[in-house]
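Okay, structure first, notes after.
Derivation of every value follows stated rules applied to the coordinates shown; laboratory data play no part. Small disclaimer: the values here were computed from a predicted structure and weren't measured. Positions of Cβ are backbone-derived with ideal geometry, glycine not excepted, and every protein chain shown enters the neighbour counts.
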Amino acid sequence: MDISYIINELGEDRENYFNAVAPPIIQTSNFAFRTVADMRNRFYDEYGGYIYSKGLNPTVDILRKKLAALDGAEDCLVFNSGSSAIYASVMANVKAGDHIVSVRKPYTWAQKLFDNILPRFGVTTTYIDGTDIQNFENAIRSNTTIIYLESPNSWYFELQDLQAVSKLARSKNILTICDNSYCTPVYQKPLSMGIDISLQSATKYIGGHSDVVAGVVCGTGKMMRKIFENEMSTSGNGISPFNAWLLIRGLRTLPVRLEKVTRNTASVTRFLQDHPKVESVIFPLNEDFPQYELAKRQMQGGCGLLSFFLKVNKVEDVVTFCENLQHILMAVSWGGYESLIIPACATVQPGRYDITKKEHRMLRLYIGQEEPEYIVSDLEQALNTI
Ligand SMILES: *Cc1c(COP(=O)(O)O)cnc(C)c1O
């Protein structure tokens, strides 16, 4: 399906709403029935139509159709955060006694689910270095039911060979879930490589304006119905009509925003790599990235988020650098219009800081929509203060 058709037309039916070009926000909690029979039918199949906006809603449905098509999926569900998308997808597919194989250092709140919540219900997780398929084979047990992937992951951008992992998983009847937040379905389509569930934080590139928190899960119609009827409806964490409308608006410019960030990333990466105070840069589409060949093969692109290490001898220099940035904001998240930075030392207790540890000199940078010279000159003047 043509991406322009998906973004501009799919799911929209203007004749139903006064030929308005922008779709309406159907801001209602409930939907009325004319007959008892209609109401009864809906009670028996809430996934078949509208009854209550905690479940399905027409504005949300426009978004669902577009996001499913972008991922090449039969169906899709939209949540009020990426974390709740992860939570529902995992919870829907484990029972007491099951085992999960996860890539090491997955998204923080996925890891909390595996470490703090699931063990209470007898579900255990083994973390592996996902860069080698052999590690998956070694970690799989007779009770493994989920392989959890994030490719690339944030901070280190490690990749998994999605085709190889899904082939292995299918041969053992194990479900694969892939967090695709980094690439978005525009730059990577996990389902086309055999992955069962593709999910992403729509807070990042889909929203794109740092004003919505949301998450997307894509997969088969059967799987989406199962998640909808149980985990999604009991936790009541579906997206609101207004936030769905903001995401539809974000989607209109998704390809052009990704293009701009891709160009910016190339300029900023070159600047950082050449700077004497920068030790190294980690970006999956750099030729010196250890998995560059795999990245070229399974990703159509990737941009914005990268990590770099400062060549400094004391933590105060990292602090000075960050606090001297004039335009790049020190804030979490990414995928919006504005450039952002997180120093890894902000996650370390002051007494524990050890400058000889490379990871303590690490910074994660998100490159936004500004002009590349604007971002580079801000980095340059801050580097000059250390
Ligand atoms: C931000 C993020 C999430 C979680 O999404 P929220 O919308 O913040 O809940 C999940 N995975 C990755 C890789 C992320 O960057």
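D by Stokes-Einstein for the chain, Kirkwood Rh over Cα pairs, 25 °C, 0.890 mPa s: 111 µm²/s. The mean sequence separation of alpha-carbon pairs under 8 Å and at least six residues apart, normalised by the residue count of the chain, gives a relative contact order of 16 percent. The residue list Ser201, Leu175, Ile239 was ranked by how far each Cα lies along the charge dipole of region 123-265 toward its positive end, using unit charges on Cβ atoms, and Ile239 comes out on top.
All other residues with a Cβ under 12 Å from the Cβ of Thr269 taken together, and with Lys, Arg as +1 and Asp, Glu as -1, what is their net charge? Spell out each step's value before the answer.
Values: positive: Arg263, Arg270; negative: Asp274, Glu287, Asp288.
Counting the neighbours of Thr269, the net charge comes to -1.
What FRET efficiency comes out for Lys296 versus Phe43 if R0 is 45 angstrom and r is the Cβ-Cβ distance? Round to the nearest 0.05. For Lys296 and Phe43, the calculated efficiency is 0.30. The charge dipole of region 254-383, taken about the Cα centre with unit charges on the Cβ atoms of Lys, Arg (+1) and Asp, Glu (-1), comes to about 400 debye, rounded to the nearest 20. Centroid-to-centroid, using Cα positions, region 1-46 and region 318-386 are 44 Å apart. Projecting label points 7 angstrom from Cα along Cα→Cβ for Ala32 and Ser377 puts them 6.0 nm apart. The eigenvalues of the Cα gyration tensor, multiplied by 5 and square-rooted, give region 57-164 an equivalent ellipsoid with semi-axes of 26, 18, 13 Å from largest to smallest. Straight-line cross-link partners of Lys357 among the aspartates and glutamates, defined as a Cα under 16 Å from its Cα and at least 8 positions apart when in the same chain: Glu279, Glu316, Asp317.
Can you list which of the GluC sites (Glu not before Pro) found in region 278-386 are DSSP loop residues with at most 12 other C-beta atoms within 10 Å? Intermediate results must be reported in sequence, preceding the final value.
Numbers: sites: Glu279, Glu287, Glu293, Glu316, Glu323, Glu338, Glu359, Glu370, Glu373, Glu380; in loops: Glu287, Glu338, Glu370.
Qualifying residues, ordered by number: Glu287.
Using +1 on the beta carbon of Lys and Arg, -1 on that of Asp and Glu, and nothing else charged, what's the dipole of region 1-70 about the Cα centre, debye to 20?
Values: 8 positive and 9 negative charges, 55 e Å.
About 260 debye.
Are there trypsin sites (Lys or Arg not before Pro) in region 51-139 that DSSP marks as loop and that have at most 12 other Cβ atoms within 10 Å, and which are they? Spell out each step's value before the answer.
Numbers: sites: Lys54, Arg64, Lys65, Lys66, Lys95, Arg104, Lys112, Arg120; in loops: Lys54, Lys95, Arg104.
Taking region 51-139 and a limit of 12 other Cβ atoms within 10 Å, the loop trypsin sites (Lys or Arg not before Pro) found are Lys95.
With respect to the chain, whose longest principal axis is taken over its alpha-carbon atoms, helix 315-324 is tilted by about 70°.
Taking Lys296, Lys311, Lys358 as the candidate residues, the one with maximal mean-square fluctuation in a Gaussian network model of the chain, Cα springs under 10 Å, is Lys358. Between region 81-123 and region 231-245, the C-alpha centres lie 20 angstrom from each other. How far is helix 254-274 tilted off the main Cα axis of the chain, in degrees rounded to 10, range 0 to 90? With both axes taken from Cα atoms, the answer is about 20 degrees.
Hey, got the dipole for the chain? About the Cα centre, +1 on K and R Cβ, -1 on D and E Cβ, debye to the nearest 20?
Details: 38 positive and 42 negative charges, 179 e Å.
The calculation lands at about 860 debye.
Think of the chain as having a plus end and a minus end, set by charges on the Cβ of Lys, Arg, Asp and Glu; of Tyr44, Val318, Gln134, Tyr44 sits farthest toward the positive end of this dipole. How far is helix 162-171 tilted, in degrees, relative to the longest principal axis of the Cα atoms in the chain, given as a value from 0 to 90 rounded to the nearest 10? For helix 162-171, the angle is close to 50 degrees.
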